[in-house]
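Written out below as structure tokens is the structure these notes cover.
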Amino acid sequence: MPAAAPGSSPWQLARRELRRRPAVRVSLCVVLLFVLMALTAPWLGALGGWSPHEFDKSAIDPYLGGQPLGSLGGISAEHWLGVEPVTGRDLFARVVHGAQVSLLIAFAATAIVVLAGTAAGIAAGYFGGRTDAVLSRLMDLTMSFPSLIFMIAMLSVAKDVNRIVLMTTVIGVFGWPGVARVVRGQTLSLKHREYVDAARVGGSGPWRILTRDILPGVAGPVIAYTTLLIPGMISTEAALSYLGVGVRPPTPSWGQMIAESVAYYETDPMYFVIPSVFLFLAVLAFTLLGDALRDILDPRGGRS
């Protein structure tokens with residue numbers, strides 16, 4: 001990576017590097033497209049003319065087990081991505097509303113992970129001693145759990161609760177130790193720097209030192225780690241919904257749609273292909289963008 005120009009801030013360097021990499025520009029455009037699609041899902045669904053829960057019996061053939069009429073899963077001017085077998089629900093409406101659910105859970109869970117992990121990591125690294133010992137053991141304990149099995153068990157037991165809130169909380173609870181360890185290591189390397197010692201000698205309290213001196217120093221690695229967390233969160237939500245313990249019908253989810261399409265992959269492959277492609281593109285775009293930001297904002301971490 002070329003050396004930064006004198007006076008360049010990390011964000012100026014990031015913008016310059018992102019403009020220089022065509023693949024990353026494409027990934028950023030895809031990420032923005034998915035975010036825009038999630039934010040405008042109700043209007044996009046209305047633009048297509050169908051709600052995600054509306055049945056269209058005229059789009060399926062009752063004499064062929066409810067298979068979509070027409071080629072490519074019933075794609076037509078009325079149903080832009082075709083329809084679900086048996087129900088006739090519009091796939092375009094369900095895919096865009098599924099993007100809203102998947103990204104909402106991914107972003108909210110990532111926010112919990114980053115906030116909790118950053119707070120715990122800074123506290124452990126700066127204060128040290130007993131605080132570090134307690135928080136480090138808590139990180140080890142949380143990471144020792146078989147998280148996917150525990151998530152499935154918790155989500156299976158909980159019945160009459162908001163599934164989106166529950167999934168966000170459960171995913172967030174098991175994800176914070178990774179961020180905490182990264183932040184703890186960065187804080188340990190920063191707390192004895194000259195400017196931190198000068199602030200301490202000058203009478204600054206721990207809160208001021210943490211927020212004014214330590215936090216800006218760990219912001220780059222945290223931002224890079226955050227962008228790499230999001231595709232994992234999207235995949236986790238899809239996996240849990242695929243296994244039947246995540247978002248429940250009639251709320252649409254990409255993982256849930258893929259699970260339902262397995263029974264029709266031979267007779268209606270488009271039903272399987274469409275949500276799979278959307279999930280693949282979302283995960284790939286966030287991963288490429290996260291890799292680029294990691295290389296720019298945390299080059300030592302990217303090489304390790």
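The values are calculated or read from the model by the stated rules, or taken from the named source; none is laboratory data. If you're wondering where the values come from, they're calculated on a predicted model, not measured in any experiment. We place every Cβ from the backbone using ideal geometry, glycine too, and count neighbours over all the protein chains shown. Accessible surface areas use protein heavy atoms only, side chains included; no ligands, DNA or RNA. Shrake-Rupley method; radii C 1.70, N 1.55, O 1.52, S 1.80 Å.
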Residues (open to solvent by less than 60 Å² (accessible area, probe 1.4 Å) and in a loop (DSSP other than H, G, I, E, B)) located in region 178-204: Lys191, Ser204
Matching option when the condition is hydroxyl-bearing (Ser, Thr, Tyr) and open to solvent by 10 Å² or more (accessible area, probe 1.4 Å), among Ser76, Ser102: Ser76
Candidate set from region 114-141 (those that are open to solvent by less than 20 Å² (accessible area, probe 1.4 Å) and either under 30 Å from Tyr242 (Cβ atoms) or of a type in the set (Lys, Arg) (or both)); member that is nearest to the chain's Cα centre (by Cα): Gly117
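Report yes if Ser71 is among the hydroxyl-bearing types (Ser, Thr, Tyr) and open to solvent by 30 Å² or more (accessible area, probe 1.4 Å), otherwise no.
yes
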Residue count for region 205-231, restricted to those that are over 14 Å from Gly185 (Cα atoms), free of Cβ contacts under 8 Å to residues at least 40 places away in the same chain and open to solvent by less than 40 Å² (accessible area, probe 1.4 Å): 2
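Would you check if there is a residue in region 86-94 being part of a helix (DSSP H, G or I) and open to solvent by 50 Å² or more (accessible area, probe 1.4 Å)?
No, there is no match, as no residue in region 86-94 is part of a helix (DSSP H, G or I) and open to solvent by 50 Å² or more (accessible area, probe 1.4 Å).
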Pairs where the first residue, in region 142-158, is of a type in the set (A, V, I, L, M) and the second is modelled with pLDDT of 80 or more and assigned to a helix (DSSP H, G or I), C-beta under 6 Å, 6+ apart: Met143/Pro177; Met151/Val170; Met154/Val170; Ala158/Leu166
Output for region 155-173, where each listed residue is open to solvent by 70 Å² or more (accessible area, probe 1.4 Å), within 22 Å of Ile230 (Cβ to Cβ) and assigned to a helix (DSSP H, G or I): Val165, Val173
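So that you can scan it fast, the table gives a plain yes or no per residue for (1) within 30 Å of Val86 (Cα to Cα); (2) open to solvent by 40 Å² or more (accessible area, probe 1.4 Å):
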| site | (1), (2) |
| --- | --- |
| Glu237 | yes, no |
| Pro250 | yes, yes |
| Glu260 | yes, yes |
| Val273 | yes, yes |
| Leu281 | yes, yes |
| Phe286 | no, no |
| Asp295 | no, yes |
In region 41-67, the residues that are aliphatic (A, V, I, L, M), out of contact with any helix residue (DSSP H, G or I) (no Cβ under 6 Å at 6 or more places or on another chain) and closer than 14 Å to Leu91 by Cα: Ala46, Leu47, Ile60
